[in-house]
Amino acid sequence: MSDLEPSLIVDLLHQSMDDGKSPSLVVVSDSMAPLIRSGDQVQIAPITHEALVAGDVVVVSGSQELLTHRFWGLLAAENELKLITKGDRPQHFDRPRNIDTLVGLVISRKRNRRLLNIRNGIGRWLSWLLYRLGTLEIRLFSRAIPVGSGGGTRLYDRDGIFAETTRDNFGHLFIRRCIYAVAKSATFVVQLFDKPV
């Protein structure tokens, strides 16, 4: 990413958003592929945790890095609310994060001089589809109990630990690859509608 401390980058991003700008970051992993891949730029806008909807793509800060992952819900833990996030590719959820680690909402993705708005139009549909495919995968392969109403699904196991998927086996890997093939195909088709920049 850069040699700057994540906390300094977060301060600069907040300052830029406070000035009415929508700053961009370069993504350095494929954890959100195929929607967002390593090398893509994401544009972010300010948002509060109350305004988040399950399926939104957000940037959160950690001690060593900034993370661009999908928001799945809020979890009340240790007398405070925690953000629950997960990349589209990993089979596990991120550790719950304090709500003050929320940096911003991803509103668009830029790849190869083409821009996809993921908050409106076909980009929003694609992001929703990828979230639903992720939900399907969790329901098929997780030992978690789905909990929640309307605003999104919160998943945790019987001990209150956030869901981990079951062990890989041939059937699991085959179905995961099929789900990823659908996601990749949909992303390819939507890319035909990206705006040149």
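Values quoted throughout were computed directly from the atomic coordinates according to the rules given, and no laboratory measurement underlies them. What you are looking at is a predicted structure, and each value in this text was computed from that prediction instead of being measured. Using ideal geometry, Cβ is built from the backbone for each residue, glycine included, and neighbour counts are taken over all protein chains shown.
Remarks
- As a length-normalised measure over Cα pairs under 8 Å and 6 or more apart, the relative contact order of the stretch 6-196 settles at 19 percent.
- Quotient of C-alpha Rg and 2.2 N^0.38 Å, computed over the stretch 6-196: 1.01
- Ranking Ile118, Ala181, Leu136 by how far each Cα lies toward the positive end of the dipole of the stretch 6-196 (charges on Cβ) leaves Ala181 at the top.
- Size of charge dipole - the stretch 15-57 - debye, nearest 20, with Cβ of Lys, Arg +1 and Asp, Glu -1, no other charges: 140 debye
- Modelled spin labels at Asn79 and Asn98, positioned 7 Å past Cα toward Cβ, are 1.4 nm from each other.
- Theoretical gain in end-to-end length, Trp125 to Arg89 [0.36 nm per residue, Cα-Cα removed]: 11.1 nm
- Farthest positive-ward along the stretch 6-196 dipole, Cα basis, beta-carbon charges - from Leu66, His14, Gln43: Gln43
- Residues Asp30 and Lys195, FRET efficiency given R0 of 30 Å [Cβ-Cβ distance, rounded to 0.05]: 0.80
- Check: the stretch 6-196 dipole with +1 on Lys, Arg Cβ and -1 on Asp, Glu Cβ, in debye: 920 debye
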